[in-house]
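What follows is a single structure, written as structure tokens, with notes after it.
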Amino acid sequence: CASRPSVTVLDYGAGNVRSLENALRLFDCHIRWANTASDISNASKLIFPGVGSFGAAMENLHDRGFVTALKRYIQDDRPFLGICLGLHTLFEGSEESPQIPGLALFPGMVRRFSVDHTQGLAVPHIGWNTVDVQSPMPLLQRDSNHHSSPSRFYFVHSYRIGTDVLQSLHNTNVATTTHGEPYLSILQRGQICATQFHPEKSGPDGLRLIRNFLYSGNPSSKSTEPTRSSTVTIPLSSPAASKARQSGLAKRIVACLDVRENDDGDLVVTKGDQYDVRHTDSKQVRNLGKPVELAKRYFEEGADEICFLNITSFRGEPVGSAPMIQVLEHTSKEVFVPLCIGGGIRDYTDRNGTHYSALDVASMYFRAGADKVSLGSDAVYAAERFLKQGADGTSSIERISYVYGAQAVVVSVDPQRVYVENHSDTPFTTVTLPDGRVCWYQCTVKGGREGRNIDVVQLVTAAEKLGAGEILLNSMDQDGQNNGYDLQLIDMVRKAVSIPVIASSGAGKPQHFTECFDATDVEAALAAGIFHRKEVSIGDVKQHMLEHGTVVRISGS
Ligand code: 1PR
């Protein structure tokens, strides 16, 4: 029908465009995929979702003969939305790939953040941040103005368009975001729009921006407001609430779903107690629900990220019967916040003798809707090799990071405490626990079943050097204990790397989250058991964060 918008998506195959496709389907959009240059020339609206590295994106555009048609389309001021790299490639070039020029439709270079964790500013910049709109921005139009929280969008990048470039942008509307320094987060000149953040992963605020782009020019047929996540109810006038709504990067709350087959062969969400997922009496695998249903509930409750961990994949073939592929495909249809998938991402050969590299496995997950992949055991092996012989470009971390970008690679750490009498009893990095005991943290593989001769600091520093973009820091000792996070472990890791850290294991009540953020300044905190057992909701945690004055994303309000 006439009012049904038609849009062409320029997919160059290096990232997760499934969530963009799913977002477009929400608005009853007619989607075309650009396969030839004429598909671009004939587009009525064009979206360029860019994930991965600048060089890979530009090389792909050249290889497919898209550059001339794309430049012509934009120079003719036709409806265009660039996302993340789709913004960067509009400029002259990027420090990320210095030898490869961009489209040079706007003056200036994209540069790496000049901040680091010593200022409490991890790079990549991952998470939910606000935008400071400097001039009218139809893209951000809201249906009603009663909203109380600033819109927050999901950013995941290490390179940005800084103030040096902003000053040379004429007759262009801009919005900026600050991560230690202000940088360009929305550009709009005529019908050319581009965002540094991922609107397709930014919940209701992001879906609203996509809708505004689709219906720009015929607002009369604009579809309804996108799905609203539940919001916490707290008097907005309270000093704490107004502080928590301040601009800047919010602390992320991640819901984690440990997934495995139970003894009847059904894929269930389970939960370990110090990594033991079987009930003490019945020995049955704990069954706390179905993966897609729980993920949807957590999205609606306001989770900032969903993490699936396929916890027995080290045994069989991680992608053999592809159960997790289907979980991702179904989840990404209705969950519009970042999805991380871990478990079994490594080189392997299936029962027919077909070889899959870790990059092949990761690519299957990205195509199915994952935004990040998490490496556990394989990251330990990669770190052990790195400590022995340095980096040689062959590790799974290096190979996935090169193609999809550091921000797409998470290293999941499964440490167990090893107690010693004195700090001098071991060469590994030790801490003193609140009860006075001294321990170091041994890395394990195979779901905690095998201890390795490497400690957590060695693993996370090697992982960062190999190109990982984030650390998921579990604790076997605290897993499922509900008495709080291992603050000594988390603080030690936070200080050891400059990439974001997600604290995991042990949350029992909302106060444990703010205790962790206050004591360690990590970017995110993860929980599983209290959410699955409905002892605490994500809304409860965010309400407490608001009252505590911790910067938090309140979605949809
Ligand atoms: O080694 O690359 O195949 O990855 C395996 C992945 O599965 C790793 O990320 C590893 O952490 C995870 N895993 C393996 N076995 C288990 C187990 O529980 N038996 N899950 C497991 C580890 C960590 C969190 C957990 C938090 C929060 N679970 O998922 O939920 O501790 O729980 P809580 O809030 O209830 O305390 P590879």
Measuring from the longest principal axis of the C-alpha atoms of the chain, the long axis of helix 323-334 (C-alpha) lies at a number of degrees, nearest 10, equal to 50
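Highest mean first, what order results for 383-394, 168-179 on Cβ atoms within 10 Å?
On the way: 383-394: 13.6, 168-179: 16.2.
By packing density, highest mean first, the sequence is 168-179, 383-394.
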Whole-Å semi-axes of the ellipsoid equivalent to the range 430-557 (Cα gyration tensor, √5λ, descending): 26, 17, 14
Just to confirm the number: angle between the C-alpha axis of helix 291-301 and the first principal axis of the chain, 0 to 90 degrees, nearest 10? 70
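Sort the following peptides by mean Cβ neighbour count (other Cβ atoms within 10 Å, averaged over residues), highest first: 283-289, 120-126. Display every interim value, and only then the final one.
Details: 283-289: 16.4, 120-126: 21.9.
So the peptides 283-289, 120-126, ranked by packing, come out 120-126, 283-289.
Would you mind computing the Rg to Rh ratio of the chain from its alpha-carbon coordinates, Kirkwood style for Rh?
Details: Rg = 22.9 Å, Rh = 23.9 Å.
That ratio is 0.96, to two decimals.
Expected output is a single nm value to one decimal: the length gained when fully extending between Ala322 and Gln274, i.e. 0.36 nm times separation in residues minus the C-alpha distance. What is it?
Numbers: separation 48, 0.36 × 48 = 17.28 nm, distance 2.72 nm.
Roughly 14.6 nm would be gained on extension.
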Along the Cα→Cβ direction, 7 angstrom out, place labels at Ser498 and Glu329. What is the inter-label distance in nm? 4.1
Value at 222 nm in deg cm²/dmol, rounded to 500, when DSSP H runs of n ≥ 4 in the chain each add -39,500 (n - 2.57): -8500 deg cm²/dmol
Which angle from 0 to 90°, rounded to the nearest 10, does the C-alpha axis of helix 203-215 make with the longest principal axis of the chain? 20
Glu95/Thr394 FRET efficiency (R0 22 Å; Cβ-Cβ; nearest 0.05): 0.30
Placing +1 on each Lys and Arg Cβ and -1 on each Asp and Glu Cβ in the range 395-456, then taking the dipole about the Cα centre, the residue among Ser396, Thr444, Val413 whose Cα reaches farthest towards the positive end is Ser396
Cα-only Debye scattering, the range 141-207: base-10 log of I(q)/I(0) at q = 0.12, 0.27 Å⁻¹: -0.35, -1.30
Trp33 to Thr68: extension gain in nm, 0.36 nm per residue of separation minus the Cα-Cα distance? 10.8 nm
Carbon and sulfur: what percent of the chain's accessible surface (1.4 Å probe)? 47
Pop out the ³J(HN,Hα) list for the range 364-372 in order, Karplus 6.51 cos²θ - 1.76 cosθ + 1.60 with θ = phi - 60°, rounded to Hz; leave Gly and Pro as x. 4, 5, 4, 5, 7, x, 7, 9, 9
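Please report the relative contact order for the chain, taking Cα pairs under 8 Å with a sequence separation of at least 6, and give it as a percent rounded to a whole number. Walk me through the numbers on the way to the answer.
On the way: 1276 pairs, mean separation 79.7, N = 557.
Value for the chain: 14 percent.
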Could you give the C-alpha radius of gyration of the range 54-180 expressed as a fraction of 2.2 N^0.38 Å, taking N as the number of residues it contains? 1.15
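Using unit Cβ charges (K, R positive; D, E negative) and no other charged atoms, how large, in debye to the nearest 20, is the dipole of the chain about its Cα centre?
Details: 54 positive and 62 negative charges, 267 e Å.
Here the chain has a charge dipole of around 1280 debye.
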Between Arg142 and Glu535, with labels modelled 7 Å along Cα→Cβ, what's the label distance in nm to one decimal, could you check? 3.6
Let me check I have the definition right: for the range 334-453, take the eigenvalues of the Cα gyration tensor, multiply each by 5, take square roots. What are those semi-axes in whole Å, largest first? 32, 18, 14
Inverse mean reciprocal Cα-Cα distance (Kirkwood Rh) of the range 1-130, Å: 15.9
For Asp479, enumerate residues with amide H under 5 Å from its amide H, sequence gap 5+ or separate chain, H modeled in the peptide plane. Gln274
Hits among lysines - C-alpha to C-alpha of Lys509 under 30 Å, sequence gap 8 or more where chains match: Lys201, Lys243, Lys251, Lys271, Lys283, Lys290, Lys296, Lys372, Lys446, Lys495, Lys534, Lys542
Cα pair distances of the range 253-356 binned at 10 Å [whole percent]: 14, 44, 32, 9, 0
In order through the range 101-114: 3J(HN,Hα) via Karplus (6.51 cos²θ - 1.76 cosθ + 1.60), integer Hz, x for Gly, Pro: x, x, 6, 6, 7, 10, x, x, 10, 8, 10, 6, 3, 9
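Find how much the distance from Thr429 to Arg4 grows on full extension, using 0.36 nm per residue of separation minus their present alpha carbon separation; answer in nm with one decimal. Mind dumping the intermediate values first?
Details: separation 425, 0.36 × 425 = 153.00 nm, distance 6.02 nm.
Extra length from Thr429 to Arg4 when fully extended: 147.0 nm.
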Calculate one ³J(HN,Hα) per residue across the range 159-164 by plugging θ = phi - 60° into the Karplus curve 6.51 cos²θ - 1.76 cosθ + 1.60, and present them in order as whole Hz with x for glycine and proline. 10, 8, 9, x, 4, 4
Which of the listed residues, Ile210, Val551, Thr280, is farthest toward the dipole's positive end in the chain, when Lys, Arg count +1 and Asp, Glu count -1 at the beta-carbon? Ile210
Which of the aspartates and glutamates could be linked to Lys388 by a straight reach, that is with a Cα gap under 18 Å, when you skip same-chain ones fewer than 8 residues away? Asp378, Glu398, Asp455, Glu464
Given the options Tyr381, Gln481, Asn173, identify the residue whose Cα lies farthest towards the positive end of the charge dipole of the chain (+1 on Cβ of Lys, Arg; -1 on Cβ of Asp, Glu). Asn173
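In square angstrom, what is the accessible area per residue of the range 425-557 with a 1.4 angstrom probe?
On the way: 4110 Å² over 133 residues.
Roughly 31 Å² per residue, with all protein chains present.
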For labels at Gln284 and Gln134 in the simple 7 Å Cα→Cβ model, what's the distance in nm? 6.1
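Placing unit charges on C-beta atoms (Lys and Arg positive, Asp and Glu negative, everything else neutral), compute the dipole magnitude of the range 47-94 about its Cα centre in debye, rounded to 20. Walk me through the intermediate numbers first.
On the way: 4 positive and 5 negative charges, 23 e Å.
The calculation lands at about 120 debye.
The values are calculated or read from the model by the stated rules, or taken from the named source; none is laboratory data. Predicted model, so just to flag it, every value in this text is computed and none were measured. Cβ: placed from backbone, ideal geometry, glycine included. Neighbour counts: every protein chain shown. Ligands, DNA and RNA are excluded from the accessible area calculation, which covers all protein heavy atoms including side chains. Shrake-Rupley method; radii C 1.70, N 1.55, O 1.52, S 1.80 Å.
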